[in-house]
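A.B. asks: I have a structure I would like to understand better, so I am pasting it below and will then ask my questions one at a time.
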Amino acid sequence: MRVCFGPAKAGHYVLVIALCLVAAPRAQDGQAGAPPVRRSYDEILDLNVRDGFVYYRALKADRAKLDGFIATLATADIDNAPRNEQVAFWLNAYNAIVLRTVVDHYPIVQRVPGYPPHSIRQIPGAFERVPHRVAGRTLTLDQIEQDVLSTFHDPRVYLALGRGAIGGGRLRSEAYAAPRLEAQLKEVAEECVSRSECVRIDRDANTLNVSSLFSWREKEFSAAFAGTAPATFAARSPIERAVIALVEPRLLTTERDFLAKNEFKMVYTPFDWSLNDLTGRGGR
């Protein structure tokens, strides 16, 4: 059996109108005849995710579809599927497991200092120790990211991981789908530029502030994008050139002019582990 996951229902809010327009032609990507498991995950995201934030309380109250979807991940036969099907599968699996991890502990109780009180990081071993059965393998969330997603050599996938946190990628109201994966990952990169948690220019401080995600995956981003940065930045480090190549084409003209002076300092901003909760910001 091969399991893959299709695009989600069109969103309903003006803030996500770009996604709605992309998702609208359902007949072209087969959603009308999609297997129930695929439709189920799309419905979960469509009903419970808005502009990257999640109605965790509502999702916990009606979690049967989420539990059912994750159950299908265990025995999915994906190893011999086309590349885009595999990437979409693993992105959906990671993000769905994060949702279940939060729901299992919601509202999250503060256990350790150093992280926000309702953060997913307050759940012991959420990323590095708790095992999950996916595609016949037993993996932690960190292993999915580091050992599986890394093999596809496209660092945009790291920007597609919601991580249950405001600082993570903006969780979409639709699943990743093989037929539209490239367009979806392109949107993910564009969204990064528009979010202060990912990229922010501070003219007063003369800095380009970027997410710590880029430092966590410095090798991958450098390999993929450093060689495409404008020649103006040739003396910059590989990761600086990679970030510039990724964000510069999507900046406003005034922002590009600021970078073109090549006098700024790139600064990594602390990752915001606050829960991406749309209901009371963490269950309060």
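Nothing in this text is a laboratory measurement; each read-out follows from the coordinates by a stated rule. Keep in mind that what you see is a predicted model, and the values were worked out from it rather than measured. Here Cβ is always computed from backbone atoms with ideal geometry, including for glycine, and neighbour counts include all displayed protein chains.
A.B. asks: For region 135-284, count all C-alpha to C-alpha pairs, find those more than 24 Å apart, and express that count as a whole percent of the total.
C.D. replies: Above the 24 Å cut-off, region 135-284 has 35 percent of its Cα pairs.
A.B. asks: With θ set to phi - 60° and the Karplus curve 6.51 cos²θ - 1.76 cosθ + 1.60, what are the ³J(HN,Hα) couplings of region 214-229 in order, to the nearest whole Hz, using x for Gly and Pro?
C.D. replies: Once θ is set to phi - 60°, the couplings for region 214-229 become 5, 6, 5, 10, 4, 4, 5, 5, 4, 5, 7, 10, 4, x, 9, 6 Hz.
A.B. asks: A further question follows. Work through the residues other than Trp90 whose Cβ is under 12 Å from its Cβ and net out their charges, Lys, Arg +1 and Asp, Glu -1.
C.D. replies: Around Trp90, the charge tally is -3.
A.B. asks: Sort Asp154, Asp42, Asp204 so the one with the fewest other Cβ atoms within 10 Å of its own Cβ comes first.
C.D. replies: Ranking Asp154, Asp42, Asp204 by Cβ neighbours within 10 Å, fewest first, gives Asp204, Asp154, Asp42.
A.B. asks: In what sequence do Trp273, Trp90 fall when counting other Cβ within 10 Å, fewest first?
C.D. replies: Fewest to most other Cβ atoms nearby, the residues stand as Trp273, Trp90.
A.B. asks: Still on this structure, I have one more. Within 10 Å of each candidate Cβ there may be at most 11 other Cβ atoms; applying that plus a DSSP loop requirement, which GluC sites (Glu not before Pro) in region 227-284 survive?
C.D. replies: For GluC sites (Glu not before Pro) across region 227-284 that sit outside H, G, I, E and B with at most 11 neighbouring Cβ atoms in 10 Å, the list reads Glu263.
A.B. asks: Pop out the ³J(HN,Hα) list for region 53-59 in order, Karplus 6.51 cos²θ - 1.76 cosθ + 1.60 with θ = phi - 60°, rounded to Hz; leave Gly and Pro as x.
C.D. replies: Each residue's phi maps through the Karplus curve to give 9, 10, 7, 4, 4, 5, 5 Hz.
A.B. asks: Could you work out how far apart the two model spin labels at Val130 and Ala234 are, taking each label as a point 7 Å from the Cα in the direction of the beta carbon, and quote it in nm?
C.D. replies: 5.0 nm
A.B. asks: If amide hydrogens are placed 1.01 Å from N in the peptide plane, which non-local residues have theirs closer than 5 Å to the one on Thr207?
C.D. replies: Asp202, Lys265
A.B. asks: What residues have an amide H closer than 5 Å to that of Arg137, excluding those fewer than 5 places away on the same chain, when H is modeled at 1.01 Å from N in the peptide plane?
C.D. replies: So Arg137 has HN proximity to no qualifying residue.
A.B. asks: Please rank Thr254, Thr232, Thr269, fewest neighbouring Cβ atoms within 10 Å first, as an exposure proxy.
C.D. replies: Ranking Thr254, Thr232, Thr269 by Cβ neighbours within 10 Å, fewest first, gives Thr254, Thr232, Thr269.
A.B. asks: Got a sec to turn the phi values of region 170-182 into Karplus ³J(HN,Hα) couplings, 6.51 cos²θ - 1.76 cosθ + 1.60 with θ = phi - 60°, whole Hz, x for Gly and Pro?
C.D. replies: 6, 4, 7, 8, 8, 7, 6, 9, 3, x, 10, 4, 4
A.B. asks: May I pose another question? Give the lysines reachable from Lys219 as a straight Cα distance under 24 Å; neighbours fewer than 8 places away on the same chain don't count.
C.D. replies: Lys186, Lys265
A.B. asks: What is the percent of Cα-Cα separations in region 197-269 that go past 14 Å?
C.D. replies: Percent of Cα pairs beyond 14 Å in region 197-269: 55.
A.B. asks: Out of residues 5 or more away from Thr269 or on other chains, whose amide H comes under 5 Å of its own, with H placed 1.01 Å from N in the peptide plane?
C.D. replies: Val210, Ser211, Ser212
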